[in-house]
1. Among (1) in contact with a Lys or Arg (Cβ under 8 Å, 6 or more places away or on another chain); (2) of a type in the set (Gly, Ala, Ser); (3) surrounded by 15 or more Cβ atoms within 10 Å (Cβ to Cβ), where does ALA59 come up short?
2. Suppose we keep only residues that are of a type in the set (D, E, K, R) and in a loop (DSSP other than H, G, I, E, B) within the stretch 2-44. Which one would you say is nearest to the chain's Cα centre (by Cα)?
3. Filter the stretch 81-91 for residues that are within 25 Å of ALA59 (Cα to Cα) and surrounded by 14 or more Cβ atoms within 10 Å (Cβ to Cβ) and give the result.
4. Kindly establish whether GLY4 is within 22 Å of GLY122 (Cα to Cα), surrounded by fewer than 16 Cβ atoms within 10 Å (Cβ to Cβ) and among the small types (Gly, Ala, Ser).
Amino acid sequence: MIKGISHITFVVRDLKRTSDLFKEVLDAEEVYDSGDESHSLYPEKFFLIGGQWIAVMQAEEIVKRTYHHVAFEVNVADFEMYKDRIEKAGLEIRPSRTRISGEGMSIYFYDYDHNLFELHAGTLQERLKSYQKGEA
């Protein structure tokens, strides 16, 4: 039986730059740094963001941008704060997709290595309810 998400892994070109991004924009807590003793495929760091384990590995080859992403739950009241942080970090904000009433608001942004993040105000239950209603 699946209990939930164990961890999410991102592959980046510059581990320090992404570490700074996670800490400054997403309030991440760094809990591990492989340093010179990599136990995995690449040098890596582990973070906790909102209680979720996030792994970041450094590699030279990065693919182009896709819609693959991770979404972190935030409060609507904090949107402007996060938007300011993202802009100050020099990151690209992607336009949000079309939404129906009740889905919740989102900010999408790319990190330095084409990973897409979403900051989302809403729950799965709210989204399913809005989809059942077929609201426009």
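Values in this text are rule-based calculations from the coordinates and carry no lab data. In this text, all values refer to a predicted model and were calculated from it rather than measured experimentally. Because the Cβ atoms are built from the backbone with ideal geometry, glycine has one as well, and the counts that use them run over all protein chains shown.
1. Going through the list (1) in contact with a Lys or Arg (Cβ under 8 Å, 6 or more places away or on another chain); (2) of a type in the set (Gly, Ala, Ser); (3) surrounded by 15 or more Cβ atoms within 10 Å (Cβ to Cβ), ALA59 breaks only (3).
2. Restricting attention to the stretch 2-44, the residues satisfying the condition of being of a type in the set (D, E, K, R) are 3, 13-14, 16-17, 20, 23-24, 27, 29-30, 33, 36-37, 44.
If we keep only those that are in a loop (DSSP other than H, G, I, E, B) too, we end up with 3, 13-14, 27, 36-37.
On the way: LYS3: 21, ARG13: 16, ASP14: 16, ASP27: 11, ASP36: 26, GLU37: 26 Å.
Among those that are of a type in the set (D, E, K, R) and in a loop (DSSP other than H, G, I, E, B), it is ASP27.
3. ILE86, ALA89, LEU91
4. Values: within 22 Å of GLY122 (Cα to Cα): yes; surrounded by fewer than 16 Cβ atoms within 10 Å (Cβ to Cβ): yes; among the small types (Gly, Ala, Ser): yes.
The answer is yes for GLY4.
Let's see how each residue does on (1) surrounded by 13 or more Cβ atoms within 10 Å (Cβ to Cβ); (2) not in a loop (DSSP other than H, G, I, E, B):
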| site | (1), (2) |
| --- | --- |
| PHE46 | yes, yes |
| VAL63 | no, no |
| PHE79 | yes, yes |
| ARG97 | no, no |
| PHE109 | yes, yes |
| ASP113 | yes, no |
| GLU118 | yes, yes |
